[in-house]
1. Straight-line reach from Lys90: which aspartates and glutamates have a Cα under 12 Å away, not including same-chain ones fewer than 8 places off?
2. What accessible area per residue comes out for the chain, rounded to a whole number of Å², with a 1.4 Å probe?
3. Kindly express, to the nearest 10 degrees and within the range 0 to 90, the angle between helix 65-90's C-alpha long axis and the longest C-alpha principal axis of the chain.
4. Leaving out ligands, DNA and RNA, and with a 1.4 Å probe, what % of the accessible surface on region 38-95 is carbon or sulfur?
5. Using a 1.4 Å probe on the protein heavy atoms only, what accessible surface does Lys92 show? Give it in Å² to the nearest 10.
6. Rg and Dmax of region 38-95, Cα atoms, in Å?
7. List the aspartates and glutamates whose alpha-carbon lies under 19 Å from that of Lys92, not counting same-chain residues fewer than 8 positions away?
8. Give the distance, in whole Å, between the Cα centre of region 5-23 and the Cα centre of region 75-96.
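The values are calculated or read from the model by the stated rules, or taken from the named source; none is laboratory data. This is a predicted model, so every value here is computed, not measured. Quick note on the areas: whole protein, heavy atoms, side chains included, nothing else; ligands and nucleic acids left out. Shrake-Rupley method; radii C 1.70, N 1.55, O 1.52, S 1.80 Å.
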Amino acid sequence: MKLKASNRYDLQQKVGDEISRNCNHCGTIEKRHINMLVAEPSAYLIWVCLAAIVIITGLFWYYGFVALISFSAPIWFYYEAQRQASYFNKNKISRK
């Protein structure tokens, strides 16, 4: 599922307590509580960060110090995405 919310409370306001979706194997509709969802950073972000590391480091390799900064900046963006997903996964909503 591709839903964007910074925490489970925002997601609950958008879709409610449970999310219905079709099962990929049998085609039946299954309901999942919001606490059962697990956030992951986008795979697209991972590939963009890796491409940025290669391109920027290649461009600034001659300058040395700048190459180190260009290598660490995309890693910082990926780390931030991991941190946000971890924050989402740690917060739970009490069941009624």
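1. By straight Cα distance, Lys90 reaches no aspartates and glutamates at all.
2. In whole numbers, the chain has 80 Å² accessible per residue.
3. Tilt relative to the chain: about 10 degrees.
4. Values: 3270 of 4580 Å².
The value for region 38-95 is 71 percent carbon and sulfur by accessible area.
5. Approximately 100 Å² of Lys92 is accessible to the 1.4 Å probe.
6. 15.3, 57
7. Asp10, Asp17, Glu18, Glu40
8. Value for the Cα centre distance between the two parts: 15 Å.
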